[in-house]
Amino acid sequence: MALQVWMVGEDGEDLKNHRELLPLSKLQEIGVLYWHLDPKRPESEEELAKIRKDRGYNYMDHLDICPGKLADFEEKLKNFFTEHMHVDEEIRYSLEGGGYFDVRDKDDKWVRI
C-alpha cells in the first residue's frame, strides 16, 4: 500500500468516519521525512545504510510485532497507543505488513500516516 496521510480527531478516530487524504507535502510541512525502499531489492539495504549514516541514526532493532512473535504482545501493544515524545529522530522501516504512525502538526492537530 502506498503512503497515505489524513487528519484524525483527538480520540484517534478518522474525522467524519472517512479518510480525507491530504497531500504528501503535509509531511514536509510538519517536518516528517519519508523514503520508500523495497526490502525485496538488494540495493535497498545500501540505501537504508546511507540514510542512517546521513541522518546520524546509530541505533537499530528488528521487531516482529504480531501475536506469537512478540512476548507480552497485548501489553506492549498498549505502548503504541500512548502519546510520547522522543528527543531524537525516530525511523520505522516496515518489511512486511503495515501500520499507522500518528504525529501532531504545527496547529497541534493529529495527522495519521
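What follows is calculated from the coordinates using simple rules that are stated; it is not laboratory data. The model shown is predicted, which means the values in this text are computed figures rather than measured ones. Glycine also receives a Cβ, built like all others from the backbone with ideal geometry; neighbour counts cover every protein chain displayed.
Comparing 41, 19, 52 in a Gaussian network model of the chain, where Cα atoms under 10 Å apart are tied by springs, the biggest mean-square fluctuation is seen for 41.
Among 84, 36, 62, the largest mean-square fluctuation in a Gaussian network model of the chain, built with springs joining Cα atoms closer than 10 Å, belongs to 84.
Of 94, 25, the sequence from fewest to most neighbouring Cβ atoms within 10 angstrom is 25, 94. Both radii are taken from the alpha-carbon atoms of the chain; with Rh as the Kirkwood radius, Rg/Rh is 0.96. The lysine pair tally for the chain, using Cα distances under 23 Å and a gap of 8 or more places or different chains, is 10. Database remark: amide H of residue 102 closer than 5 angstrom to the amide H of 113 (H placed geometrically; neighbours at sequence offset of 5 or more, or on other chains; Pro and chain starts carry no H). Our note on the geometry: Cα centres of the stretch 84-111 and the stretch 1-75, 7 Å apart.
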